[in-house]
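Let me begin by presenting the structure, written as structure tokens, before commenting on it.
Taken together, the values in this text are just the output of simple stated rules run on the coordinates, not laboratory data. These numbers were taken from a predicted model, which means no experiment stands behind them. Methodologically, a virtual Cβ is constructed for each residue, glycine included, from the backbone with ideal geometry; neighbour enumeration extends over all protein chains shown.
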Amino acid sequence: ENLTTIYALMYATENLYLKAGIMEVDVKTNETLATGGAYGNTSLDGYTIGLGYNYDMDNGAFVRVEASYMDIDGATLKNTNDSNKSVTSDGITGASVALSIGKSF
């Protein structure tokens, strides 16, 4: 929960932009094990990069298309009752394409 992204845009041309940012997300482990053990919560860090095109229309409307990639680090959490047991996430990666249509007021 609480995925937070801080990013900056840099326009390469009047309409074409590059995007780069950092991300943080909280991992909550809400499980109940029969052994009484549990795995704690943690935060993961990562980054995002993207390439987009923004077109502003004369009436204040805009159309934007963006392709982006994200990579979030993994983590290893140890069992609270048995430190020899652990769970590991190798990380999270993903790619997306977005189309946005809006109007400025």
Discussion item. About the Cα centre, and with charges only on the beta carbon of Lys, Arg (+1) and Asp, Glu (-1), how big is the dipole of the range 1-71? Nearest 20 debye, please.
Written reply: 60 debye
Practice prompt. Excluding residues fewer than 8 places away in the same chain, name every one of the aspartates and glutamates whose C-alpha is closer than 17 Å to that of Lys19.
Written response: Glu66, Asp71
Practice prompt. State the Kirkwood hydrodynamic radius of the range 44-105 in Å, one decimal place, computed from all pairs of distinct Cα atoms.
Written response: 14.8 Å
Item to complete: Work from the charge dipole of the chain (Cβ charges, +1 for Lys and Arg, -1 for Asp and Glu, about the Cα centre) and give the residue of Tyr39, Tyr55, Gly74 farthest towards its positive end.
Response: Tyr39
Item to complete: Using the Karplus curve 6.51 cos²θ - 1.76 cosθ + 1.60 with θ = phi - 60°, work out ³J(HN,Hα) for each residue of the range 34-45 in order, rounded to whole Hz, and write x for Gly and Pro.
Response: 4, 7, x, x, 7, 10, x, 8, 7, 10, 10, 10
Practice prompt. Please express the Cα-Cα pair-distance distribution P(r) of the chain as a list of whole percents, one per 10 Å bin, running from 0 to the bin with the greatest distance.
Written response: 13, 32, 24, 16, 10, 5, 0
